[in-house]
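Worksheet: one structure, shown below.
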Amino acid sequence: MNNIGQPAEPKPELVECAIVELLDIAQRQGITPADFIQLLDSGMQISEFLAALKPLTHDNHSIDGDS
């Protein structure tokens with residue numbers, strides 16, 4: 001089959017690192033992993049979660065790693 005136009009599956013290691021980073025960000029904001037999962041289960045997109053945190057981030061805890 002031709003897979004042109006199909007997005008490539010991300011590497012499992014990359015996905016694992018992203019999940020750990022998201023949980024770390026949530027924890028720094030006082031959100032437990034269970035609460036974070038509940039937010040996702042209720043329909044919140046990860047991009048919405050990160051956008052909501054942007055005003056709360058500090059120079060020493062930059063989401064994009066530019067610190």
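The values are calculated or read from the model by the stated rules, or taken from the named source; none is laboratory data. All of these numbers come straight from a predicted model, not from anything done at the bench. With ideal geometry, Cβ positions are generated from the backbone for all residues, glycine too; neighbour counts draw on all protein chains shown.
Summary of values
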{"quantity": "Flag for I19 being under 14 Å from the mean Cα position of the chain (by Cα), surrounded by 10 or more Cβ atoms within 10 Å (Cβ to Cβ) and at pLDDT 85 or above", "calculated": "yes"}
{"quantity": "First in segment 42-54 and closer than 15 Å to I19 by Cα and among the hydrophobic types (A, V, I, L, M, F, W, C), second anywhere and surrounded by 10 or more Cβ atoms within 10 Å (Cβ to Cβ) and modelled with pLDDT under 85, Cβ under 8 Å, 6 or more apart", "calculated": "L50/I63"}
{"quantity": "Residues of segment 26-40 satisfying the condition of being part of a helix (DSSP H, G or I) and either within 13 Å of the chain's Cα centre (by Cα) or not aliphatic (A, V, I, L, M) (or both)", "calculated": "A26, Q27, R28, P33, D35, F36, I37, Q38, L39, L40"}
